[in-house]
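The values are calculated or read from the model by the stated rules, or taken from the named source; none is laboratory data. A quick note: this is a predicted structure, and the numbers were derived from the prediction, not measured. Glycine also receives a Cβ, built like all others from the backbone with ideal geometry; neighbour counts cover every protein chain displayed. Only protein heavy atoms, including side chains, enter the accessible area calculation; ligands, DNA and RNA are left aside. Shrake-Rupley method; radii C 1.70, N 1.55, O 1.52, S 1.80 Å.
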Amino acid sequence: MPRIINFLADFTLGFADGLTVPFALTAGLSSLGQTKTVIYAGMAEICAGSISMGIGGYLATRGENVAARREQEAADSDAAASGTAIDGDDDDNEATIVSGLSVSLGYLLGGILPLFPYFFVSHVGDGLFWSFLVCVVALFTFGFTKDFLLNNKGGSKDADGEGNHSSWPRIPSSYYALAKGPRILALLAR
């Protein structure tokens, strides 16, 4: 189970960044008035961003693993006395690769969404409008779903400690999370 949680955390990081950075680029390039320019530059940015984010995810996980291993060795006097190397084992190497790939995949999928409308419009202004709508809907849906699924751990506990397996108690909190989006947009519009 921890592997899927790590994958989702890394994917979320890449997806959120993949939605916002390519949207900002395509919005800026829309001022040039050429749909093809927006598409080509957007595809190049998504490729570069996926590679960069994937390498960043890989290196971050590798650094966390090395730091955890050093901490463990410092606590374990036998390991510290034997002078064992701090090279990663197969599980750590697999975790670092999966982390990098999941961040990269999230960025790729998130980056395609704001670029997607430009493939179907002839006027760049229409592409910008639809790209904005796609991004807003994707961010709200993603945030709402993430909050609802991650914070609904098998239902809430009532006063007697019994599990309440209904998802209704989570709905008001999820609506609150959904309402955060317009507030963030209002702050960004300043």
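List the number of the failed condition for residue 109; all other conditions in (1) open to solvent by 70 Å² or more (accessible area, probe 1.4 Å); (2) closer than 30 Å to residue 42 by Cβ; (3) at pLDDT below 65 hold.
That leaves (3) as the condition not met.
Determine whether residue 123 is open to solvent by 40 Å² or more (accessible area, probe 1.4 Å) and at pLDDT 80 or above.
yes
Given the criterion out of contact with any Phe, Trp or Tyr (no Cβ under 8 Å at 6 or more places or on another chain) and small (Gly, Ala, Ser), identify the matching residue among 14, 33, 42. Talk me through it step by step, then tell me what you get.
Values: 14 fails: out of contact with any Phe, Trp or Tyr (no Cβ under 8 Å at 6 or more places or on another chain); 42 fails: out of contact with any Phe, Trp or Tyr (no Cβ under 8 Å at 6 or more places or on another chain).
Only one candidate passes the filter, namely 33.
For segment 8-22, how many residues are surrounded by fewer than 18 Cβ atoms within 10 Å (Cβ to Cβ) and of a type outside the set (Ser, Thr, Tyr)?
2
Hey, can you tell me all the residues within segment 26-43 that are in a helix (DSSP H, G or I) and either open to solvent by 60 Å² or more (accessible area, probe 1.4 Å) or touching a residue at least 40 places away in the same chain (Cβ under 8 Å) (or both)?
26, 27, 30, 31, 32, 35, 36, 38, 39, 40, 42, 43
Hey, any hits in segment 65-82 for a residue that's of a type in the set (Asp, Glu), within 16 Å of residue 97 (Cβ to Cβ) and modelled with pLDDT under 90? Please lay out each step first, then the result.
If we filter segment 65-82 for residues that are of a type in the set (Asp, Glu), which is where we start, we get 71, 73, 76, 78.
Retained after the next criterion (residues that are within 16 Å of residue 97 (Cβ to Cβ)): none.
The answer is no; no qualifying residue exists.
When only residues in segment 129-153 that are open to solvent by less than 50 Å² (accessible area, probe 1.4 Å) and modelled with pLDDT under 80 count, which is nearest to residue 23 (Cα to Cα)?
Here the residue is 143.
If I filter segment 83-97 down to residues being acidic (Asp, Glu) and exposed (fewer than 12 other Cβ atoms within 10 Å of the Cβ), which single residue comes out as modelled with the lowest pLDDT?
If we take residues in segment 83-97 being acidic (Asp, Glu) and exposed (fewer than 12 other Cβ atoms within 10 Å of the Cβ), then 87 is modelled with the lowest pLDDT.
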